[in-house]
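Enquirer: Input: one structure, supplied below.
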Amino acid sequence: MALADLLRFVFVAAIVTLYTTGLLSPALIVVFTLATSTVEAFRLPAGGAILPQLLEKEYYTLGKAANYSVSRISGLVGYMLAGGVIALIGAVGALWIDAATFLISSAIIWSIRYKENLQGAKQTVKGVIQDFAEGFRFIRASRTIQTVSLIGLLINFGIMPLTVFQTPYVSDYLKMGPETLSYIKILTSVGMITGSALLPKLGKIKTPVIAVAAGVIMGAALIEMSIAQSLSTPVLKMGILTLSMLSIGFGGGLLNVVIGSSVMKAVPKEMMGRISGFLTAMMQASMPVASFIYSALAVYFHIPHILVFFGSLTLICSLALYFRKKLDALS
């Protein structure tokens, strides 16, 4: 993690330096973007693997909730300050601040001291393949990981229309400007922070109930969002939009912590990096597939109709998983 953040500092600093000297070209931007994405692909599983190493098992849910809430709060603060920072010191100055955050993060992570058991780790190509095969065997045998994967894919496909069609929906159907897009992002972040922060307080409610409630809330919010464009009063439009975005963020915050803590409890610490990498890769791979499907559907259907369909699908599938006892593995 520390090395990944250090490399990202180097990449951003190189981009700023090349830009200020007039040597930055589109080809170099592509190269640095690919390099940054590759480094990020290594960092994400490592980030998922380190948390169980630092916490006792009874604190997994609280730790995941705190981690998610703080990251969302910092992202929200950064998003709100970005315009002012660029106005004060310019885009180049803002990029240097961005680079500095990676350097500071690397230094903080490097200072963490914990005991990681690397005994028996296989450093050969054959050993790495054996490690991956062992990870896949664990996934095939673990109902919890299978359930988490199913929930993640369901929510990804159900909520993706909001990401794909957000701009045309706001401009063409709500007849609102770019400031509404910023408002939506802020509301979603606030909802996520609230949901993730509230989850540890719901200790008496069973995890499957929380998971299905989150799915139902998000599905209902998508349906509700499609109604906003048919309202003639701007105040009602904004009211429905506000409630929808807060609900989607709230459900997403709940699900993120439920999934994260369930995975940490179910996966042995020495396998956490492999399983976390698999889950991350699967979710990331599903996004372009979903985007392609929705783009094709938009040729034949209006966006509000697509939102209603996939909102209903998310809601019904969440209830079906619960009543068919498919979520019991999360308990």
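The values are calculated or read from the model by the stated rules, or taken from the named source; none is laboratory data. Values in this document were obtained by computation on a predicted structure and should not be read as measured data. Don't worry about glycine lacking a Cβ; one is built from the backbone with ideal geometry, like all the others, and counts go over all protein chains shown. All accessible areas refer to the heavy atoms of the entire protein, side chains included, with ligands and DNA or RNA removed. Shrake-Rupley method; radii C 1.70, N 1.55, O 1.52, S 1.80 Å.
Enquirer: Checking PRO208 against (1) of a type outside the set (Val, Ile, Thr); (2) modelled with pLDDT under 85; (3) under 30 Å from GLY63 (Cβ atoms); (4) in a helix (DSSP H, G or I): exactly one of these is not met. Which one?
Expert: Unmet for PRO208, out of (1) of a type outside the set (Val, Ile, Thr); (2) modelled with pLDDT under 85; (3) under 30 Å from GLY63 (Cβ atoms); (4) in a helix (DSSP H, G or I): (2).
Enquirer: Test THR188 against the criterion of being of a type in the set (Val, Ile, Thr), part of a helix (DSSP H, G or I) and open to solvent by less than 40 Å² (accessible area, probe 1.4 Å), and give yes or no.
Expert: Working: of a type in the set (Val, Ile, Thr): yes; part of a helix (DSSP H, G or I): yes; open to solvent by less than 40 Å² (accessible area, probe 1.4 Å): yes.
Criteria met by THR188.
Enquirer: Please indicate, with yes or no, whether at least one residue in the stretch 229-241 is at pLDDT below 85 and assigned to a helix (DSSP H, G or I). I'd like the intermediate steps shown before the answer.
Expert: The first filter runs over the stretch 229-241 and keeps only residues at pLDDT below 85, leaving 229-234.
Add one more test, that the residue is assigned to a helix (DSSP H, G or I), and what stays is 234.
Yes, the stretch 229-241 contains a residue that is at pLDDT below 85 and assigned to a helix (DSSP H, G or I).
Enquirer: Kindly evaluate LEU315 against the criterion of being in contact (Cβ under 8 Å) with a residue 12 or more places away in the chain and not small (Gly, Ala, Ser).
Expert: For LEU315, the condition - in contact (Cβ under 8 Å) with a residue 12 or more places away in the chain and not small (Gly, Ala, Ser) - is met.
Enquirer: Among the residues of the stretch 228-245, write down those that are surrounded by fewer than 18 Cβ atoms within 10 Å (Cβ to Cβ) and either among the hydroxyl-bearing types (Ser, Thr, Tyr) or touching a residue at least 40 places away in the same chain (Cβ under 8 Å) (or both). Spell out the reasoning first.
Expert: Quick first cut of the stretch 228-245, residues surrounded by fewer than 18 Cβ atoms within 10 Å (Cβ to Cβ) only: 230-236, 238-239, 242-243.
Once the filter is applied, which keeps residues that are surrounded by fewer than 18 Cβ atoms within 10 Å (Cβ to Cβ) and either among the hydroxyl-bearing types (Ser, Thr, Tyr) or touching a residue at least 40 places away in the same chain (Cβ under 8 Å) (or both), the stretch 228-245 yields SER230, SER232, THR233, THR242.
Enquirer: I would also like to ask the following. Scan the stretch 202-223 residue by residue and report those that are of a type outside the set (Val, Ile, Thr) and more than 20 Å from ASN156 (Cβ to Cβ).
Expert: Kept after step one, since they are of a type outside the set (Val, Ile, Thr), are these residues of the stretch 202-223: 202-204, 206, 208, 211, 213-215, 218-222.
If the condition is that a residue be of a type outside the set (Val, Ile, Thr) and more than 20 Å from ASN156 (Cβ to Cβ), then LEU202, GLY203, LYS204, LYS206 are the ones that fit.
Enquirer: Separate question: Please tell me if VAL148 is more than 22 Å from TYR79 (Cβ to Cβ), of a type outside the set (D, E, K, R) and in a helix (DSSP H, G or I). Lay out the reasoning, then the answer.
Expert: Values: more than 22 Å from TYR79 (Cβ to Cβ): yes; of a type outside the set (D, E, K, R): yes; in a helix (DSSP H, G or I): yes.
In short, yes.
Enquirer: So ILE248 fits all but one of (1) within 26 Å of VAL209 (Cα to Cα); (2) open to solvent by less than 10 Å² (accessible area, probe 1.4 Å); (3) at pLDDT below 85; what number is the exception?
Expert: Only one criterion in (1) within 26 Å of VAL209 (Cα to Cα); (2) open to solvent by less than 10 Å² (accessible area, probe 1.4 Å); (3) at pLDDT below 85 is unmet by ILE248, namely (3).
Enquirer: Condition first: open to solvent by less than 20 Å² (accessible area, probe 1.4 Å), in a helix (DSSP H, G or I) and either more than 17 Å from GLY249 (Cβ to Cβ) or among the hydrophobic types (A, V, I, L, M, F, W, C) (or both). Now tell me which residues in the stretch 170-185 satisfy that.
Expert: VAL170, ILE184
Enquirer: Identify all residues within the stretch 274-331 that are open to solvent by less than 30 Å² (accessible area, probe 1.4 Å) and among the small types (Gly, Ala, Ser); write none if there are none. Give the steps one after another, and end with the answer.
Expert: At the first step, the residues of the stretch 274-331 found to be open to solvent by less than 30 Å² (accessible area, probe 1.4 Å) are 275-277, 279, 286, 290, 294, 303-304, 306-307, 310-311, 314, 318, 321, 327, 329-330.
The answer is SER276, GLY277, SER286, ALA290, GLY311, SER318, ALA329.
Enquirer: If only one of ALA49, ALA65 is modelled with pLDDT under 80, under 22 Å from the mean Cα position of the chain (by Cα), closer than 24 Å to ILE193 by Cα and not hydroxyl-bearing (Ser, Thr, Tyr), which one is it?
Expert: Numbers: ALA65 fails: modelled with pLDDT under 80.
It is ALA49.
Enquirer: Mind listing whichever residues of the stretch 302-329 are assigned to a loop (DSSP other than H, G, I, E, B) and either under 17 Å from SER149 (Cα atoms) or under 21 Å from the mean Cα position of the chain (by Cα) (or both)? Give the steps one after another, and end with the answer.
Expert: Applying the first criterion (assigned to a loop (DSSP other than H, G, I, E, B)) to the stretch 302-329 yields 302, 324-327.
Listed by number, the residues that qualify are ARG324, LYS325, LYS326, LEU327.
Enquirer: Would you be able to tell me the number of residues in the stretch 28-67 that are of a type outside the set (Ser, Thr, Tyr) and open to solvent by 70 Å² or more (accessible area, probe 1.4 Å)? Give the steps one after another, and end with the answer.
Expert: Restricting attention to the stretch 28-67, the residues satisfying the condition of being of a type outside the set (Ser, Thr, Tyr) are 28-32, 34-35, 39-58, 62-67.
Restricting the remaining residues to those that are open to solvent by 70 Å² or more (accessible area, probe 1.4 Å) gives 29-31, 34, 42, 44, 54, 56-58, 62, 67.
Count: 12.
Enquirer: Only residues that are touching a residue at least 12 places away in the same chain (Cβ under 8 Å), farther than 21 Å from LEU330 by Cα and not in a helix (DSSP H, G or I): list them for the stretch 247-301, please.
Expert: ALA298, the sole residue that qualifies.
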